[in-house]
Structures are given as C-alpha cells and as structure tokens.
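Here's the structure, in structure tokens; my notes come after.
The values are calculated or read from the model by the stated rules, or taken from the named source; none is laboratory data. Note that the coordinates shown come from a computational prediction; the quantities given were computed from them, not determined experimentally. Methodologically, a virtual Cβ is constructed for each residue, glycine included, from the backbone with ideal geometry; neighbour enumeration extends over all protein chains shown. For accessibility, only protein heavy atoms count, side chains too; no ligands or nucleic acids. Shrake-Rupley method; radii C 1.70, N 1.55, O 1.52, S 1.80 Å.
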Amino acid sequence: MRILRGRGFTEADNETTAPVAIVNEAFVKRFFKSDEDPLAQHFGLDVPELAGTFSIVGVVRDAKFAGWGLSQPARPMFYVPLAQNANYSNEMMKKLEMRSHFIAESCW
C-alpha cells in the first residue's frame, strides 16, 4: 500500500523497540479531528490502560480485502511490523497478540 504520510516499517522496528503502527485513511477519519496530525500519536486496543501501546508512524490509502465487505466503505485499519510484539499483562490480550502475527489456515 502506498504511504501517504510518514514512513513505512523499517528494520529498526523490531522486538527491541517500542511498538509502532501504520494506519489507513479511514482510521484517521474516525479517530482524529480533521486538523489533527495522527503521526506520533498513540493508540491501543479495547481498554483504557492500553491507550498508549502503538505510536503511529505512517498513514496509507484505504484498501479493501476480499471477503471484507467489498461493497462497503473501507474500515479503519492498522498494521504492525511482524518483528514487534506488544507486551500485554492481560492474558486475553497476550493470546490475541500471539495469534495476530500468524496466518491461520482456513477451514473451508
């Protein structure tokens, strides 16, 4: 996907550095004011104590993926480097983190 603002992932985004993310245009439209710069802002998943987990380093164009509502508007999405893991204390979040880095075999 084409980077619109900021940067893509680099080798420096690894297991020893703070978690970063690239977000899409729909993410920016949903979670930021029109005059607010998303670069270097932080966000997290599901619970307030995780709000600062990821730092936004880039913004990409919206994309749609097969089977994900191709006739619907693009969803807010974020992407993380495979080399990084967020260190959650919550057991459920630990499991989600581990599963998010692996492509699961489909059950067709």
Requested in this report: Return the percentage of antiparallel bridges among DSSP beta bridges fully within the chain, rounded to the nearest 5 %.
Outcome: 60 percent
Query raised in the report: To the nearest 10 square angstrom, what accessible area does THR16 show with a 1.4 Å probe?
Result: 110 Å²
Query raised in the report: Taking the range 19-85, which GluC sites (Glu not before Pro) meet the DSSP loop condition and have no more than 10 other C-beta atoms within 10 Å?
Result: GLU36
Query raised in the report: What ranking of MET98, MET93, MET77 comes out by heavy-atom accessible area, probe 1.4 Å, highest first?
Result: MET98, MET77, MET93
Query - Loop-located chymotrypsin sites (Phe, Trp or Tyr not before Pro) in the range 53-95 whose Cβ has at most 13 other Cβ within 10 Å (DSSP) - result: PHE65, TRP68
Report summary line: In the range 1-51, the trypsin sites (Lys or Arg not before Pro) that sit in a DSSP loop and have at most 13 other Cβ atoms within 10 Å of their own Cβ are ARG2, ARG7, LYS33
Query raised in the report: If each of ASP35 and MET1 carries a label point 7 Å out from its Cα toward its Cβ, how far apart are those two points in nm?
Result: 2.7 nm
Query - Modelled label reach - MET92, point 7 Å along Cα→Cβ, the range 17-56 residues with backbone N closer than 11 Å - result: 46-47
**Report entry** Anchor LYS29: lysines whose Cα lies under 21 Å away (excluding residues fewer than 8 positions away in-chain)
**Finding:** LYS64
**Report entry** LEU4, LEU96, LEU50, reordered so the largest accessible area comes first (probe 1.4 Å)
**Finding:** LEU96, LEU4, LEU50
Report task. Read through the labelled values (i) 14.1; (ii) 13.6; (iii) 15.1 and report the label of the one computed as Kirkwood radius over Cα pairs in Å from the structure. Result -> (iii)
Query raised in the report: Say each of ARG99 and THR17 gets a label point 7 Å from the Cα, pointing the same way as Cα to Cβ; how far apart are those two points in nm?
Result: 2.9 nm
Query raised in the report: When the helices in the chain are scored as -39500 (n - 2.57) per DSSP H run of 4 or longer and the sum is shared across all residues, what 222 nm value do you end up with, to the nearest 500 deg cm²/dmol?
Result: -4500 deg cm²/dmol
